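Okay, structure first, notes after.
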Amino acid sequence: MTGPVTPSRPIAAGSAARPAESLSAERAALRKAAEGFEAIMLRRWLATARAATATEETPLTGGGRQQFEAMRDETFADIAAASGSFGFARSIEAQLAQYLPSQGDS
């Protein structure tokens, strides 16, 4: 995949690119929840991909390395979700925003 996943319905102009400060409280909460969900998905994908690789046991593959990899995956997932790199949060937000009261944000 070379770009973010496109939503099934068009996103209102400027709705996904608008900074969180200019959104209503409901829309800002929705954006934060969508980004959190995307981060959870990415963490699970990274953990699954890591579990599928065969690593030989050495003194350097113990609990410390596993903890480091988990923290690295968490940080990567949070950054990717906040930046919109994969586009899942934007799609989720666009789909769920139609159920928010109309206040000119969507």
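Every number in this text was worked out from the coordinates using simple rules, so none of it is lab data. Note that this is a predicted model, so its numbers are computed, not measured. Don't worry about glycine lacking a Cβ; one is built from the backbone with ideal geometry, like all the others, and counts go over all protein chains shown.
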Please give, to one decimal in nm, the separation of the simple spin-label points placed at Thr58 and Phe37, each 7 Å out from Cα toward the Cβ. 4.1
Quick one: Kirkwood hydrodynamic radius for the stretch 24-106, alpha-carbon pairs, angstrom, one decimal? 14.5
Net charge of neighbours whose Cβ lies under 13 Å from the Cβ of Arg72, counting Lys and Arg as +1 and Asp and Glu as -1: -1
Which order, highest average first, do 88-97, 67-76 follow once you tally other Cβ atoms within 10 Å for each residue and take the mean per peptide? 88-97, 67-76
Once the piece of chain linking Thr48 and Phe76 is laid out straight, how much longer is it, given 0.36 nm per residue of separation minus the C-alpha distance between them? 8.6 nm
